[in-house]
Amino acid sequence: MSDPLNKKERCPLCGGLNRCQSETPVSSRQGACWCRSEIFPVALLAQLPESERNSRCICRGCLKAFQAQQDKP
């Protein structure tokens, strides 16, 4: 059975929902996307396959997990 969700609604790293407002139909948007106020490190973006870069959004969970990993001594 295929996933009814649009591929762009899924994080390319974990497959979870990315909750990107940019991928939400304009009539359903609830303001600016959460990702607009975040900084996505180059090292995190480099984990994406070339074909997924600039085409799918990383979820907040993957961003926060990466940041936490970077903060470890």
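The values are calculated or read from the model by the stated rules, or taken from the named source; none is laboratory data. Fair warning: this is a prediction, and the values are worked out from it, not measured in the lab. Here Cβ is always computed from backbone atoms with ideal geometry, including for glycine, and neighbour counts include all displayed protein chains.
Things worth noting here:
- Residues that are among the acidic types (Asp, Glu) and either at pLDDT below 80 or surrounded by fewer than 10 Cβ atoms within 10 Å (Cβ to Cβ) (or both), drawn from the stretch 8-30: 23
- Residue 5 being at pLDDT 85 or above and either buried (at least 17 other Cβ atoms within 10 Å of the Cβ) or on the phi < 0 side of the Ramachandran plot (or both): no
- Number of positions in the stretch 57-73 that are outside any helix (DSSP H, G or I) and closer than 12 Å to residue 16 by Cβ: 3
- Residues satisfying the stated conditions in the stretch 36-54, i.e. surrounded by 10 or more Cβ atoms within 10 Å (Cβ to Cβ), modelled with pLDDT of 85 or more and either in a loop (DSSP other than H, G, I, E, B) or of a type in the set (Phe, Trp, Tyr) (or both): 38, 40, 41, 47, 48
- The residues on offer are 33, 57, 62, and the sole one that is hydrophobic (A, V, I, L, M, F, W, C) and either at pLDDT below 85 or surrounded by fewer than 16 Cβ atoms within 10 Å (Cβ to Cβ) (or both) is 33.
- A search for C-beta distances below 8 Å between a residue of the stretch 25-49 that is more than 18 Å from residue 9 (Cβ to Cβ) and any residue that is modelled with pLDDT of 85 or more and surrounded by fewer than 12 Cβ atoms within 10 Å (Cβ to Cβ), counting only pairs 6+ apart in sequence or on different chains, returns 41/70; 43/70.
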